1. For the stretch 111-154, which trypsin sites (Lys or Arg not before Pro) are in a loop by DSSP, counting at most 10 other Cβ atoms within 10 Å?
2. Between Asp322 and Glu87, what FRET efficiency follows from the Cβ-Cβ distance if R0 is 60 Å, with the result rounded to 0.05?
3. Exactly which chymotrypsin sites (Phe, Trp or Tyr not before Pro) in the stretch 327-388 are in a DSSP loop and have at most 14 other Cβ atoms within 10 Å?
4. Order these peptides, 389-400, 249-260, 164-175, by their mean beta-carbon neighbour count within 10 angstrom, highest first.
5. Please compute the modelled spin-label separation between Lys345 and Arg60, points set 7 Å along Cα→Cβ, answer in nm with one decimal.
6. Hey, if you put +1 on the Cβ of every Lys and Arg and -1 on every Asp and Glu Cβ in the chain, which of Cys321, Leu305, Gly408 ends up farthest toward the positive end of that dipole?
7. Rounded to two decimals, what is Rg over Rh for the stretch 1-55 when you use alpha-carbon atoms and the Kirkwood radius?
8. Relative to the present Cα-Cα distance, how much length would full extension add between Glu103 and Glu204 at 0.36 nm per residue of separation?
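Just so it is clear, none of the values below were taken in a lab; they were calculated from the coordinates. Just so we're clear, the structure is a prediction, and the values are computed from it rather than from any experiment. Here Cβ is always computed from backbone atoms with ideal geometry, including for glycine, and neighbour counts include all displayed protein chains.
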Amino acid sequence: MVQIKRFNTTDSDFNEKLDKLLAFENAQDDAVDATVAGILADIRSRKDAALIEYTNRFDRLAVTSASQLELAPQQLQQSLNTLPAVERTALEQAAERVRSYHEKQPLSSWQYTDADGTLLGQKVTPLDRVGLYVPGGKASYPSSVLMNAIPAKVAGVPELIMVVPTPDGERNELVLAAAAISKVDRVFTIGGAQAVGALAFGTETVPPVDKIVGPGNAYVAAAKRRVFGIVGIDMVAGPSEILVICDGGTDPDWIAMDLFSQAEHDELAQAILLSPDAAFLDQVQQSIVRQLSAMPRQAVIRASLENRGALIQVRDLADACDIANRIAPEHLELSVEHPEHWVDKIRHAGAIFLGRHACEALGDYCAGPNHVLPTSRTARFSSPLGVYDFQKRSSLIQVSPQGAAKLGEIASILANGEGLQAHAKSAEYRYIKHR
């Protein structure tokens, strides 16, 4: 029997129960952070020599040169060519959908000239070089390659460097095939904090990048935190989350499996169902018990549901939307009759799935939108990964003589008010000359 929590929003202590359910201690382990700090300092100092040493130690390899850690483009293409046809087709179809979606996102440069002849605008430029971290070995995710690499290439990033550990020399052919499909430029078989350090600082073999994206373990997350500022990072993600709002009209087996789809990630993942129908909540609970035994990762699912999962009865769907905004989930399924009516009431969610057939798993792999999403309530202020994360914006200002006369006087007054006389004089030189 799965002991998943049952709440009701009419409970006098519901707010306290919900706060406790959502609480997640995301403090990083001091021992992990100390280890990472040492590795990063060593990589920064000894570069390739340190990279080789850590890679041999942690991945149990025996390389003698950093050049041995780079895969040739032909090796990526070979991985793609030797995939079973069904896997290659699925990977290519997913990639095409992801690419098509992100091609509609690019920010564009723009400019205008105001009445006094001053030109103002914005120039959008892709980052020069981006690093993509991909977990390796058995825990490999080709979908993460597609979701991180394709938006970068759509944004116009000229060089994309992928790092992926190969513990005991084990390579995942799907991951390498995904790199080939996504047009990754270079791939190094390195991982952990040492790979993040190599990307951030550069070594004799690995070039430094401008931004590092992609998921990883606690050491990778700690390393990304530490190098932020030297390079950009996408985010430091917490455990995966799903929130389902259902009116009771969806097959309870579908909903139970949707909850499983996130719970199977790890014991700290969160899966919550909101419904005004108490009988439906009972049916979903029964389905959870019935279907769990068939799941290969049943122990992980059970721990996730019992520790951080919940079935919550709400007053109505409006009440459910209010609670959803409070939770600000990574994934939100609106499994209701008219989702287009309720979506306008949702303000905070990483990805919103509309209707009974839009399950979160489709978004993870092939629907098109990015599956790199804000977690731990950060959907209140952040967004899914996209093309815009691989571009930067520069302001354009070209001032005419007439504009200098107008703007210079304004700037002079404000600069003197702030006690910055050189600013004021710089502006005055422009407008006094043209009076």
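1. Numbers: sites: Lys123, Arg129, Lys138, Lys153; in loops: Lys138.
Loop-located and lightly packed - Lys138.
2. Values: r = 43 Å, r/R0 = 0.72.
Rounded to the nearest 0.05, the efficiency is 0.90.
3. Details: sites: Trp342, Phe353, Tyr365, Phe381, Tyr388; in loops: Phe381.
Of the chymotrypsin sites (Phe, Trp or Tyr not before Pro), the ones in loops of the stretch 327-388 whose Cβ has at most 14 other Cβ atoms within 10 Å are Phe381.
4. Working: 389-400: 15.6, 249-260: 20.4, 164-175: 18.7.
So the order, starting with the most tightly packed, is 249-260, 164-175, 389-400.
5. Taking the simple label geometry, Arg60 and Lys345 are separated by 5.4 nm.
6. Gly408
7. Numbers: Rg = 22.2 Å, Rh = 15.5 Å.
Ratio value, two decimals: 1.43.
8. On the way: separation 101, 0.36 × 101 = 36.36 nm, distance 3.47 nm.
Separation in residues times 0.36 nm, less the Cα-Cα distance, equals 32.9 nm.
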